[in-house]
1. What distance in nm separates the simple spin-label points at Ser65 and Lys53, each placed 7 Å from Cα in the Cβ direction?
2. Listing Val248, Val107 from the residue with the fewest other Cβ atoms within 10 Å to the one with the most, what is the order?
3. Mind checking Rg over Rh on the chain, alpha carbons, Kirkwood formula for Rh?
4. When the chain is fully extended, how far beyond the present Cα-Cα distance does Asn8 get from Lys254, taking 0.36 nm per residue of separation?
5. How many times 2.2 N^0.38 Å is the alpha carbon radius of gyration of the stretch 122-280?
6. Compute the Rg/Rh shape ratio of the stretch 206-246: radius of gyration over Kirkwood radius, all on alpha-carbon atoms.
7. If only Cα atoms are counted, what is the Rg of the stretch 76-175, and what is its Dmax, in Å?
8. Loop only by DSSP, 16 or fewer other Cβ within 10 Å of the Cβ. Give me the GluC sites (Glu not before Pro) in the stretch 222-282 that pass, ordered by residue number.
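What follows is calculated from the coordinates using simple rules that are stated; it is not laboratory data. Given the structure is predicted, the values throughout are model-derived calculations rather than measurements. All Cβ positions, even for glycine, are placed from backbone atoms using ideal geometry, and neighbour counts span all protein chains on display.
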Amino acid sequence: QYVAVNGNLIDRKNAYIDIEDRGYQFGDGVYEVIRVYNGKMFTGNEHLERLWKSASSIGITIPHSREELKDLLEQLIQKNKLSLGTVYLQYTRGIAPRKHPFPSDDVKPTLVAYTKEVGRPEEKLHSGIKAIQTEDIRWLRCDIKSLNLLGNLLANQKAAEAGCDEAILNRDGRVTEGSHSNISIVKGGKIYTHPANNYILNGISRRVMLEICAREGIQVIEEPFTVKELQDADEIFLTGTTVEVMPVIELDGKSAGGGKPGPVTRKLQNWFKAEIENQCGR
Ligand code: PMP
């Protein structure tokens, strides 16, 4: 398996990380996960655009052009013969003696990228998943796709210990997002989802969902909803790069979102799949 380290594709066995890389020591960096279907990146440009936005929000200047990075990722996918899976990539602020202030400009960000074979979660997409809900203890810039994921990890671990796939987070009783997905509910035929502000990651799959809804005439209300409204929703679904449009059928051990994948969720799943086939082929 090849991995990309800075500009080069090398054998994974020869890749190493410096102990003073700021990503390793501080989580000082940004990342993306891009889905690959049929050897092609789905919404690749949107992911790269978000990566540049995340990097600039924390003062990291990416030392490649978007075209260069895209070419490198495409080469990586080809060399690893990846058909169905993901590309993970991250830029850290680079290698420098451990001090909080940013190092000088001659320290260049470190790029690491690699691929992984991952199937579509067919069974879960069909049957739905279980979730817990818990407090959102993360910082106030959740719109930045930062390597600092402790708040997300602690929540997701809690879900895992409860035998669930996702933790749904709330700030002061208002539902923000999942630990690694965005969340929407359906009530009376309308979709409700948290606005894309600093409290959530502006998910690319969420955006695909919004575009589908606009096209299909489904009303979406981008306003926060409460935990009570989540519990009383007709349908609940997550969106994300790896989960696509995922029904949630149980919350905190109780039946939720109608107890089975609902009609709006099913339609969205089909339209989402059509969008994938549209971009990446069947
Ligand atoms: N929120 C969080 C916290 C996430 O980690 C993810 C997964 N990247 C998402 C939302 C969904 O974003 P996307 O659709 O871009 O994968």
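1. 2.3 nm
2. Lowest count first: Val107, Val248.
3. Ratio of gyration radius to Kirkwood radius: 0.98.
4. Here the answer is 83.6 nm.
5. The stretch 122-280 yields a ratio of 0.95.
6. Reported Rg/Rh (Cα atoms, Kirkwood Rh): 0.98.
7. Rg, Dmax (Cα atoms, Å): 18.2, 52.
8. When the GluC sites (Glu not before Pro) of the stretch 222-282 are filtered for loop state and at most 16 Cβ neighbours within 10 Å, Glu222 remain.
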